[in-house]
Amino acid sequence: MGESGGQPKGGIRPGGERARSATPPSMAVAIAGAVAAALLLLCPAWASAAAAVGEGRRLHTLFSVECGDYFDWQAVGLLHSLRKAGQPGGVTRLLSCAEDQLPSYRGLRIGHTLQVPSYSRHPRTGDWYPAINKPAGVVHWLKNSPEADNVDWVVILDADQIVRGPIIPWELGAEKGKPFAAYYGYLKGCDNILAQLHTAHPEFFDKVGGILAMHIDDLRALARLWLSKTEEVRQDKSHWSTNITGDIYGTGWISEMYGYAIGAAEVGLRHKINDDIMIYLGYIPRPGIEPLILHYGLPFKVGNWSFSKLEHHEDVIVYDCNRLFPPPPFPREVEMMESDPNVKRGLFLSIECINTLNEGLLLHHASVGCPKAQWSKYLSFLKSRRFSELTMPKYWKGQKVDSTITAQHVALSKTNSEYPKIHTLFSTECSSYFDWQTVGLMHSFRLSGQPGNIMRLLSCTDEDLKNYKGHDLAPTHYVPSMSQHPLTGDWYPAINKPAAVLHWLSHVQTDAEFIVILDADMIMRGPITPWEYGAKLGHPVSTPYE
């Protein structure tokens, strides 16, 4: 993404004389090899880039925008910050445009762009929901872009972000099957009926967003589900309320975020989750943490100065030569505003974001032929060594990354690592009769020291599920009720037990070697470890029922 160097062309020496070749070919080859080796030593970034290709580490960055001035200035800012941060690999702007927008749209040449069909007005339902363009654009890119066939890893960002350092998935801890993402704690639907209604295994539902870094194979497996589950949640208007989704507007605006989380759960992706890589401006950074992404999605202020992206919804600043956003306070002014070092650091991040946006706009204006900007104290600061030093690329230092898989098994791995993995199952139905039994069994499970996880297989009809209140009593896998047999009409609720086990096996990936199946009306007094009773492959163990 950097600019090419100033190497003389045509073999002309500095004095103007054309160089003559007086070196034998074999020696020339040897010298070339030595020079290449020396250059790799002097420029480790070249060496690592070359090695990355060989190691399956080709990287590409994506972000989604729509046709309009609002997204154009955001794109200019993000693209500039990615160049400044030294982000490796290519960057593609996924541009969603309706056919009637294209003739008047002025921003086609902002960065490397792939035009994708607009889903803002859904082609099938007529629903107006521009946020769905993100998964729709990713699906289109995977299907139609040659880049997608020559990439190993993908980073997906939002347009309203400023990047402060390279976002490299494998350095963040991402693995195939385990994407890296930022933590979005307000996604309440991951813990309630929203997840339970829209995915077969809500236990895999992660509260993530903001930045996604994953292997291309994981993105291919996920992308269409991300789109279809977004459509599904968007149509589920009865569960748009703030107390269910966490959306402060209660309008289903974050359906796309749930579409991603549900789609990822459906294909079994378990995220490496981090709460430090990204910060919403206006928040106070944690001590010792250097976020790599500044997200300006919310209004923020520094002293008497403030910024809200929504105030610039119709702003033509990209096309208005040398006009910038109102300058924030200078660093020396921020120094005097606040004594608390972490609060002060938050203020510095806020002014860094806007200053980087303005620097990007200034360079963009120059690139499209705008006249040289008139001198000002602020312009001088943006071109100063001081600003350059303040905004030098930051690098990930291995801050703590949480993993949903690790979090679920951490206690077990310390005390039971010498044992095979166990999973405990029990079957219930949607009723208060089974709920109090569930409470008792779950309590005894926790006291017993039973290794592994436990899962309640909950058989419910669609009608029962609407009124059921016991969703949080245990980790739950929801299964269709077979109480009234769908083929024979026979009323026999006990059949739900084998039907639920079959459903769980068909829909959930597990790394357990042994399964313990209990009844709900039981109390555990100690751990049930199958191998201690002689259980092995082909030889299950059970209690006699004479």
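Quick rundown of the values:
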| item | result |
| --- | --- |
| Nearest-ten-degree value, helix 432-448 long axis tilted from longest Cα axis of the chain | 70 |
| Centre separation in Å (Cα based) which lies between region 146-209 and region 478-537 | 32 |
| Solvent-accessible area per residue, Å², over the chain with all protein chains present [probe radius 1.4 Å] | 52 |
| Local electrostatic count at THR438 - Lys and Arg +1, Asp and Glu -1, tallied over other residues with Cβ under 12 Å | -4 |
| Rounded to 5, the percent of DSSP beta bridges in the chain classed as antiparallel | 35 |
| Ranked by how many other beta carbons lie within 10 Å on average, peptides 442-454, 482-494 from highest | 442-454, 482-494 |
| For the chain, calculated [θ]222 nm from helices alone, where every DSSP H run of n ≥ 4 adds -39500 (n - 2.57) | -11000 deg cm²/dmol |
| Region 485-524 shape via C-alpha gyration tensor axes, a/c threshold 1.5 | oblate |
| Accessible-area composition of the chain, carbon plus sulfur, in percent [1.4 Å probe] | 56 |
| Acute angle (nearest 10 degrees) that the helix 341-367 long axis makes with the longest principal axis of the chain, alpha-carbon atoms | 50 |
| Nearest 10 degrees, 0 to 90: helix 44-54 Cα axis against the chain principal axis | 50 |
| Residues of type aspartates and glutamates that LYS383 reaches as a straight line, Cα spacing below 15 Å, ignoring anything fewer than 8 places off in the same chain | GLU352, GLU359 |
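The values are calculated or read from the model by the stated rules, or taken from the named source; none is laboratory data. The structure displayed is predicted, hence computed values, not measured ones. Positions of Cβ are backbone-derived with ideal geometry, glycine not excepted, and every protein chain shown enters the neighbour counts. For accessibility, only protein heavy atoms count, side chains too; no ligands or nucleic acids. Shrake-Rupley method; radii C 1.70, N 1.55, O 1.52, S 1.80 Å.
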